[in-house]
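J.: Below are the structure tokens for one structure; questions will follow.
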Amino acid sequence: MKISVIVPFHKGVHFLTDCLDSLCDQTEKDFEVLIVADRVEENLDSLLASYKSKLQITKLISQEEGVAAARNLGKEYATGEYIYFLDSDDYLEETTLEELLKTAKSSKKDFVYGPLEYTWFNRHIYHETEDVDVQQQIYTGNAEKDLLTGRLGLRRLSVVNILIKRSALAGIAFEKLLRLYSDIPVLADILKKADNISFCEKGIYIKRFHNDEILYPSLSYGEFKDRYEQLILAYQNMKENHHLSKKLKNEFDEKLLGFCHGIFLRRFRQEKVSDWKNSKFSMFHQYMKEIAKDAASDKMQKKVLEGFCQNDYKQAKKKINKILAKEKIKKMLTNRRFFYRTINKYVFERFSQKDNWVVFESFLGRNYSDSPKYIYKYLLEHKGDKYRYIWIINDTKTKIPGNPVKVKRFSLKYFYYMTRAKYWVNNMRQPVWYAKRDSQVLLETWHGTPLKKLVFDMDDVYSASPTYKRQVYSQSRFWDYLVSANPFSTDVFQSCFLYEKDKILESGYPRNDILYAPNKEEIAAQIKKNLGIPEDKKTILYAPTWRDDEFYDKGQYKFKLKLDLEYLRKEIGDEYVILLRTHYFIADAIDVTGMEDFVFNVSKYNDIAELYLISDICITDYSSVFFDYANLRRPILFFTYDLEKYRDVLRGFYISIEDDVPGPLLFTNEEIADAVKNIDKVNEQYAQRYEEFYNRFCCFDDGHASQRVVERVFDN
């Protein structure tokens with residue numbers, strides 16, 4: 001046996017599947033896989049059974065907690081000439097083991113390491129998607145630089161990308177007392193033998209960041225109250241028992257100092273320093289006083305080190321706060337939002353709360369719309385001047401009835417009203433940094449019945465913000481109420497947000513009240529007139545959504561229109577016009593020059609519910625608009641030209657789009673034109689499914705959702 005691959009496993013079979021698949025695809029076949037189970041609660045046996053015919057795989061059960069004990073157990077049972085440590089949430093390139101082994105044989109070295117690449121994505125996306133976000137380190141072939149000084153932070157000091165001759169590990173073990181940082185002492189032992197280490201450029205190891213730190217935290221993100229004690233133990237173990245050279249010792253010292261510098265300053269910035277006044281500060285003092293001052297690379301690091309070495313908390317805080325104050329002033333002068341947040345923290349948060357102030361915000365202040373609009377209209381009509389109303393609206397010239405206060409998002413007034421108002425009605429997530437007062441009430445209306453899987457129901461996140469899950473979890477803890485449009489949404493919200501059922505309002509969506517208005521025909525006629533739509537033309541609303549993996553930046557998504565407008569004008573233009581409504585995340589402007597008689601670009605129209613009223617047919621893809629539009633019982637067509645990718649790779653759906661949606665799935669412009677021409681036949685074909693869909697997803701909406709929400713939140 002040439003190689004023993006040791007894989008400790010605790011949690012996350014979907015990660016392990018990627019890991020094992022990458023081993024199945026190795027071009028080198030002479031290796032065994034030792035899966036070391038550590039307090040496993042998932043069904044690991046059935047997964048491993050499916051790989052028995054593909055891999056020489058053995059399951060070991062660790063009786064002791066932690067990666068260190070698991071690796072030691074795997075090392076004890078390994079039979080290969082070489083050992084390779086692989087984390088269960090990572091994976092390899094197809095030729096990794098072959099290339100490492102080839103280099104080991106040709107160089108006659110006991111240790112061969114390859115490049116580490118870091119990604120948020122699973123193996124399929126990593127290999128199949130162009131321009132996938134991968135973090136790469138520049139490798140020089142110098143082991144100390146590549147494995148120690150060139151690594152960013154302490155979390156990346158690891159032995160996982162090193163092929164090690166088993167005989168060279170004799171007498172070397174991972175310290176079982178270290179549940180964190182157990183790689184550091186072993187890495188130090190390896191680096192002592194720098195002349196016996198070789199670099200293999202093609203021995204690539206893909207380290208996978210976790211975008212779900214709540215349900216599936218990586219080891220480095222886990223909740224360890226003694227994280228800092230573990231770090232000091234690791235360094236003490238390394239320096240006392242591993243006899244490092246002065247040069248290597250100083251390199252590790254510099255690494256530790258950089259870490260301490262960061263976390264110590266962060267405690268001062270956050271002012272969460274109670275436990276740093278005693279135990280942790282003293283603990284670091286005992287260790288840091290041994291570190292040479294020349295390890296500090298800049299003025300601020302030297303101040304931090306001086307504070308630690310003197311074991312004088314007040315003096316350290318005084319020195320560091322002086323530097324931080326200069327930094328803060330500089331940032332306030334150059335960053336307006338930071339300046340406003342500082343004023344908010346030290347001024348506005350000291351003001352009393354106004355119990356009759358209500359703040360409304362819809363789609364990040366983009367418009368006056370959605371459920372916040374209809375809750376506001378109900379309050380205005382039935383509560384009048386009992387409340388003072390504030391609208392967060394980026395265009396303060398927007399006409400809003402009732403003369404509310406209008407403020408721009410992230411302006412100084414925004415912070416003032418947000419901090420003082422008792423109620424906040426919002427249909428999106430609030431800013432991550434927003435700290436809600438305990439006495440404030442945050443009503444989250446959300447913005448649609450979910451078709452696409454959300455947050456904790458997604459295995460991976462392919463959007464521009466890979467920390468999405470952690471952010472949403474933090475934000476949703478502040479929601480006092482969450483509006484649900486149907487029982488289906490209630491179930492989904494509990495799983496995707498990890499949200500409590502008794503805080504969910506099963507009221508229906510206030511934004512759909514207009515779809516049941518007794519005068520909706522008159523409202524629709526006026527809207528068509530305002531938009532300049534010919535009275536003799538029927539209207540088709542085309543409302544596509546954005547694609548998670550196609551973006552310029554956070555909240556700025558690419559979109560290439562697949563609907564052939566010129567072709568459709570020839571086919572159906574005599575009878576219909578198209579209302580084009582792209583998602584507000586889409587940054588690309590759609591050019592309809594020369595098509596103005598057929599295409600009305602209503603992407604910036606404030607309220608999509610009003611567009612529903614004037615539409616005879618709705619065409620969408622994976623947008624949640626069809627759940628709301630179904631309240632009108634009008635035809636819905638689904639233009640799903642990239643269904644396989646969207647369903648199977650990017651998101652996944654909560655319902656079967658083939659069996660549950662109330663209309664046909666269409667893949668070409670020809671099919672779209674044919675369905676529109678034969679819309680009565682489509683209606684007849686999908687009548688039963690439409691009825692079932694309506695009863696399942698529109699059962700709460702009746703025109704009185706706003707009333708139910710107000711009675712529960714404001715009258716309670």
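The values are calculated or read from the model by the stated rules, or taken from the named source; none is laboratory data. Note that the coordinates shown come from a computational prediction; the quantities given were computed from them, not determined experimentally. Note: ideal-geometry Cβ built from the backbone for every residue, glycine included; neighbour counts use all protein chains shown.
J.: So which of GLU684, GLU691, GLU711, GLU670 ends up being under 18 Å from GLY508 (Cβ atoms), out of contact with any Leu (no Cβ under 9 Å at 6 or more places or on another chain) and acidic (Asp, Glu)?
T.: After applying the criteria, what remains is GLU711.
J.: Same structure again: Could you list, in sequence order, all residues of segment 26-55 that are closer than 25 Å to ASP110 by Cα and surrounded by fewer than 16 Cβ atoms within 10 Å (Cβ to Cβ)?
T.: THR27, LYS29, ASP30
J.: Another one. Return a yes/no flag: does segment 70-78 have any residue that is assigned by TED's automatic domain parsing to the domain that holds GLU201, surrounded by fewer than 21 Cβ atoms within 10 Å (Cβ to Cβ), at pLDDT 95 or above and closer than 20 Å to LYS202 by Cβ.
T.: The answer is no, given that none of the residues of segment 70-78 is assigned by TED's automatic domain parsing to the domain that holds GLU201, surrounded by fewer than 21 Cβ atoms within 10 Å (Cβ to Cβ), at pLDDT 95 or above and closer than 20 Å to LYS202 by Cβ.
Per-residue answers, yes or no, for (1) in contact with a His (Cβ under 9 Å, 6 or more places away or on another chain); (2) under 28 Å from ALA194 (Cα atoms); (3) polar (S, T, N, Q); (4) at pLDDT 95 or above:
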position	(1), (2), (3), (4)
VAL5	no, yes, no, yes
VAL40	yes, no, no, no
LYS59	no, no, no, yes
ASP89	yes, no, no, no
VAL112	no, yes, no, yes
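J.: Being of a type in the set (A, V, I, L, M, F, W, C) and in a helix (DSSP H, G or I) is the filter; apply it to segment 69-123 and report the residue that is nearest to the chain's Cα centre (by Cα).
T.: ALA70
J.: If you go through segment 132-184, how many residues are at pLDDT 90 or above and among the aromatic types (Phe, Trp, Tyr)?
T.: Of the residues in that region, 1 qualify.
J.: A further question follows. Being farther than 26 Å from ASN486 by Cβ, touching a residue at least 60 places away in the same chain (Cβ under 8 Å) and crowded, with 17+ Cβ neighbours inside 10 Å is the filter here; which residues of segment 642-678 pass it?
T.: Scanning segment 642-678 gives VAL649, ASN669, ILE672, ALA673, VAL676.
J.: Moving to a separate point now. All but one of (1) touching a Ser or Thr at 6+ places or on another chain (Cβ under 7 Å); (2) within 15 Å of LEU443 (Cβ to Cβ) hold for LYS408, so report the exception by its number.
T.: (2)
J.: SER623 fails exactly one of the following numbered conditions: (1) surrounded by 23 or more Cβ atoms within 10 Å (Cβ to Cβ); (2) in a loop (DSSP other than H, G, I, E, B). What is the number of that condition?
T.: (1)
J.: Now a separate question. Every residue in segment 442-481 that is closer than 23 Å to ASP621 by Cα, assigned to a helix (DSSP H, G or I) and either among the aliphatic types (A, V, I, L, M) or at pLDDT 95 or above (or both), please.
T.: VAL455
J.: Could you grab me the full set of residues in segment 679-716 that are in a loop (DSSP other than H, G, I, E, B) and either free of Cβ contacts under 8 Å to residues at least 12 places away in the same chain or over 18 Å from ASN486 (Cβ atoms) (or both)?
T.: Looking only at segment 679-716, we keep the residues that are in a loop (DSSP other than H, G, I, E, B), and these are 686, 698-704, 714-716.
Correct list: TYR686, PHE714, ASP715, ASN716.
J.: Of all the residues that make up segment 160-209, how many are charged (D, E, K, R) and free of Cβ contacts under 8 Å to residues at least 24 places away in the same chain?
T.: Result for segment 160-209: 1.
J.: Select from segment 603-659 the residues that are at pLDDT below 95 and small (Gly, Ala, Ser) and list them in ascending order.
T.: SER603, SER623, SER624, GLY652, SER656
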